[in-house]
1. Which residue out of Ala11, Ala74 is assigned by TED's automatic domain parsing to the domain that holds Ser141, closer than 22 Å to Ala293 by Cα and among the hydrophobic types (A, V, I, L, M, F, W, C)?
2. For the range 12-44, give me the residue count where each residue is touching an Asp or Glu at 6+ places or on another chain (Cβ under 6 Å) and at pLDDT below 95.
3. Specify which of the listed residues (Leu35, Leu30, Leu45) is part of a strand (DSSP E or B), closer than 22 Å to Gly77 by Cα and either free of Cβ contacts under 8 Å to residues at least 24 places away in the same chain or assigned by TED's automatic domain parsing to the domain that holds Ile143 (or both).
4. If I ask for residues that are in contact with a helix residue (DSSP H, G or I) (Cβ under 8 Å, 6 or more places away or on another chain) and not small (Gly, Ala, Ser), which ones from the range 375-389 would you list?
5. Being touching a residue at least 60 places away in the same chain (Cβ under 8 Å), crowded, with 17+ Cβ neighbours inside 10 Å and either part of a loop (DSSP other than H, G, I, E, B) or among the hydrophobic types (A, V, I, L, M, F, W, C) (or both) is the filter here, so list the residues in the range 377-403 that pass it.
6. Residues to consider are Ala84, Ala56; find the one that is outside the structural domain of Thr260 (by TED's automatic domain parsing) and more than 21 Å from His259 (Cα to Cα).
7. So in the range 356-376, with the set limited to residues that are polar (S, T, N, Q) and part of a loop (DSSP other than H, G, I, E, B), which one is farthest from Gln338 (Cα to Cα)?
8. In the list Val342, Val326, which residue meets the criterion of being touching a Gly at 6+ places or on another chain (Cβ under 9 Å), within 28 Å of Pro255 (Cβ to Cβ) and at pLDDT 95 or above?
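The values are calculated or read from the model by the stated rules, or taken from the named source; none is laboratory data. As the structure is a computational prediction, the values presented were derived from the model and not from experiment. As a convention, Cβ positions derive from the backbone with ideal geometry for all residues, glycine included, and neighbour counts pool all protein chains shown.
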Amino acid sequence: MNDFKIAVIGAGSFVFGPSLLHQILVENQLDRLDLALVDVDPGALDLMAAVGQRMADSAGVTVDITTHTDRPAALDGADFVVSAAAHEMHRRFEIDRAIIAEHLPGHLLSEFGGIAGISTSLRQIALGLEIASDMQHYCRSAIFMTVSNPLPRVCQAVHLHGIRTIGFCAVALESYRIAWKLMTGEDIRYPFLPAIDRWTIRTAGLNHFTWLVDIRDRDGLDRMEDLRAALDQGATSGSPYAESLYRQTGFLLIPSDEHTRDFLLPSAGGESLAEPSHGTSHDREARRQRLAAVAEGREPFTSLLEHPSWERPGDLIRALRDGSHVRFHGLNLPNQGQLPGVQEGVFVETPAFAEHYTIQAETIQLPPTVLALCQRTALVTDTIVRGALHHSRTIVHQAVELDPTVLDKRAGFAAIDACMEAHADLIGAYT
């Protein structure tokens with residue numbers, strides 16, 4: 001009998017799946033493990049299970065890998081549930097795109113912001129609540145770890161359903177690339193080791209809306225004024241909207257403009273066209289072929305890690321199993337005072353560490369110039385979650401009212417009503 005069990009929902013993800021398997025089996029060498037892989041695509045599952053077994057054999061760890069196209073057997077007795085799941089992501093996004101084009105032509109299209117973001121949130125929350133209900137029955141004490149967007153909204157809904165929830169996003173890590181570019185003029189690639197070896201950076205805010213609030217040399221010397229001097233002298237990381245906000249607030253938004261415009265008044269940069277996926281259909285087919293080559297032993301499994309997922313739930317699982325120390329540049333946890341002034345209970349993103357089998361979020365006081373922006377973003381998130389939990393059209397309309405990207409509120413109401421009707425088979429009726 002093995003020591004513990006991890007269930008992975010959406011394990012067929014061609015980016016996240018191999019990265020998570022490598023974290024669990026090779027990097028952290030989690031031994032005597034039951035690993036249950038869940039996906040609606042049985043072909044992808046079989047390939048991923050074969051890849052996982054190759055990794056386990058290479059690392060010399062004992063693992064029993066099972067595959068499932070439904071959740072109950074996979075969740076039964078799980079200690080950790082890791083999710084990268086989304087329901088018919090591409091098809092549903094195209095439905096929203098057509099509705100928005102009819103009611104709000106030119107409005108941004110994104111899995112986070114505006115009408116498409118609200119609609120995606122309602123669907124993803126519905127899926128998260130289905131998982132949470134299953135967990136209540138099959139693994140009530142398990143920890144739910146997710147990378148599924150819109151991350152803080154899914155997390156808050158599942159957490160309110162009584163499941164301990166943690167959200168993972170790698171945007172905070174991007175701060176090292178951006179700071180290096182601004183202060184040296186050079187581009188560096190993940191894992192950004194030159195910058196990480198030189199500096200300690202702290203970011204805080206909400207997922208996809210995080211601010212760089214502190215940067216120091218490893219000896220503790222404050223480098224914020226050097227960063228500001230570089231920006232004042234015209235250095236750029238390629239996000240003009242974020243850099244214009246720096247001139248207003250004195251602090252830099254870390255995510256790219258493609259993310260942060262989901263939470264702000266529309267800029268001259270035009271609509272966001274962020275797709276809720278990793279790459280094109282051609283990219284995904286190429287990844288599937290490579291996955292098959294690895295599963296069949298024709299390629300080394302390292303070929304799947306050329307562009308890995310940056311999220312690291314495997315590191316946290318290890319720390320919670322053996323009590324070791326690990327620090328995260330950003331974890332999404334319910335606000336319990338770690339971000340003073342932002343609504344409690346909303347999931348916020350701050351640095352955090354795990355140690356002695358517990359998780360501790362760092363407390364960061366946001367500067368007054370950015371606090372109000374984060375408060376508004378938190379209010380939009382909380383309103384969407386409440387609308388989803390109560391199946392309330394009125395509360396969802398309140399979210400449209402609060403969303404700064406929706407300039408024509410009346411058209412926004414019509415658009416979100418049409419989206420809710422189109423996806424009623426997933427989200428149920430809203431009254």
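1. Ala11
2. Result for the range 12-44: 1.
3. Selected residue: Leu35, the only one of Leu35, Leu30, Leu45 that is part of a strand (DSSP E or B), closer than 22 Å to Gly77 by Cα and either free of Cβ contacts under 8 Å to residues at least 24 places away in the same chain or assigned by TED's automatic domain parsing to the domain that holds Ile143 (or both).
4. Once the filter is applied, which keeps residues that are in contact with a helix residue (DSSP H, G or I) (Cβ under 8 Å, 6 or more places away or on another chain) and not small (Gly, Ala, Ser), the range 375-389 yields Arg376, Thr377, Leu379, Val380, Thr381, Asp382, Thr383, Ile384, Val385, Arg386, Leu389.
5. Ala378, Val380, Ile384, Val385, Ala388, Val396, Ala399, Val400, Asp403
6. Ala56
7. Gln365
8. Val342
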